[in-house]
Each structure stands twice: as structure tokens, then as C-alpha cells.
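Asker: Got a structure for you, questions after.
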Amino acid sequence: MTSEAVRQDMFTVLHGQATPIVTRWSYRAADPFAVTLAVRIQQGHWIEWLVARDLVVRALDEATGEGDIRMTPKTASGYDIVEIEIRSTDGRAVLEVDHDLLHQFVHATLGVVALGQESAHVDMDEAIARLITRSTAE
């Protein structure tokens, strides 16, 4: 973890499975609106989803999300969790992550970029240049 980025690995339960899996949550000041959620599918191989940080923040207190990713705080077997439902054309997965661990991660991201200050960390000239370069290369 640096002052410009946060990364936290967490054991997560795939709904209905006894064995936990590893998830990696990452946040960078260079991409202040997004959190990367990576799920380890085997040693050294990860599947990543880009999630709006405000969705993760809201999920600590209320059900949120539409479309591919939905998050809901719940209590399961006496533990506070956040249930994460991920949908794609290939199917659906439901992950359960410890509420307190996710809260720690969110708190760490706020130390990198405060809520409402994300725009100050975006270089609009660079973003426009990347879009122009991408569109002319296609």
C-alpha cells in the first residue's frame, strides 16, 4: 500500500461452497472512481471486474447496484457480510465477503482520495488524448 494506491487480499466465500477463495481489492488515485475486484481462480490466475467505488461504499450500508454487479449487506450465520452478485452472459456467481474487512478497504481508499475529490485526480487532457489515440488507431 502506498499513498497513491491500496491493495487488500481477502478470503471470500463463493455462495454454497465450503472452501474460501481469495479476492484482491485494489484502488489507485490514478483511477479514482473505480475499484478493481479480482478473484483468484487458480494459483497466479485472476479474473478482474472494475467496480465503481461509490457502489462499494454504499454496499456497506444498503443494497446497491444494477446490471452486472449488485452488492447487499447481510447477516449470515451470525456474521456481517456483503453479498456480491456478479452476472455475465456465461452465468452468475455470488460471493460473500466479511463486512469489516471490506469496510477497512473502503476506509483505506478514502485516505488515498476523499469522496467527492475524485475529479481533482483525473487529468482530463490525458484522458482525452488517450481517447483520441485509441479512436485513430482503430
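Rule-based calculations on the coordinates, nothing more; no lab input. The shown structure was predicted, so the numbers you read here are calculated from the model rather than taken from an experiment. So basically every Cβ, Gly included, is an ideal-geometry build from the backbone, and we count neighbours across all protein chains shown.
Asker: How high is the relative contact order of the chain, in percent, with contacts defined as C-alpha pairs under 8 Å that are six or more residues apart?
Answerer: Once divided by the residue count of the chain, the mean separation gives 21 percent.
Asker: When each pair of different Cα atoms in the stretch 37-79 is counted once in the 1/r mean, what is the Kirkwood radius in angstroms, to one decimal?
Answerer: After inverting the pairwise mean of 1/r, the radius is 12.0 Å.
Asker: Follow-up. In whole Hz, with x marking every Gly and Pro, tabulate ³J(HN,Hα) for the stretch 25-36 from phi via Karplus 6.51 cos²θ - 1.76 cosθ + 1.60, θ = phi - 60°.
Answerer: Whole-Hz 3J(HN,Hα) from phi for the stretch 25-36: 9, 10, 9, 10, 4, 5, 10, x, 8, 10, 10, 9.
Asker: Through the Karplus equation 6.51 cos²θ - 1.76 cosθ + 1.60, θ set to phi - 60°, convert the phi angles of the stretch 76-82 into ³J(HN,Hα) values in whole Hz; use x for Gly and Pro.
Answerer: In residue order, the calculated couplings are 10, 6, x, 10, 7, 10, 10 Hz.
Asker: Step through the residues of the stretch 93-103 one at a time and calculate ³J(HN,Hα) from phi using the Karplus curve (6.51 cos²θ - 1.76 cosθ + 1.60, θ = phi - 60°), rounding each to whole Hz and writing x for Gly and Pro.
Answerer: Working through the residues one at a time gives 9, 10, 10, 10, 10, 4, 4, 5, 5, 5, 4 Hz.
Asker: Obtain the nm distance between the two label points defined at Ser88 and Ala30 by a simple spin-label model: each point lies 7 Å from its Cα along the Cα-to-C-beta direction.
Answerer: 2.4
Asker: Tell me the label-point distance for the pair His45, Asp98, using the 7 Å Cα-to-Cβ offset, in nm and rounded to one decimal.
Answerer: The two pseudo-label positions are separated by 2.8 nm.
Asker: A further question follows. Which net charge results when you count Lys and Arg as +1 and Asp and Glu as -1 among the other residues whose beta-carbon is under 13 Å from that of Asp9?
Answerer: Numbers: positive: Arg7, Arg24, Arg40; negative: Asp98.
Neighbour charge sum, excluding Asp9 itself: +2.
Asker: Charges at C-beta only: +1 for Lys and Arg, -1 for Asp and Glu. How large is the resulting dipole of the chain about its Cα centre, in Debye rounded to 20? Present the calculation step by step, with values, prior to reporting the outcome.
Answerer: Working: 12 positive and 21 negative charges, 59 e Å.
Here the size comes out at about 280 debye.
Asker: Ratio of alpha-carbon Rg to the 2.2 N^0.38 Å globular estimate for the chain, to two decimals, please.
Answerer: Cα Rg divided by the expected 2.2 N^0.38 Å: 1.13.
Asker: Kindly state, to the nearest 0.05, the FRET efficiency for Glu62 paired with Val22, given R0 = 30 Å and r defined as their beta-carbon distance.
Answerer: The pair Glu62/Val22 has a calculated efficiency of 0.65.
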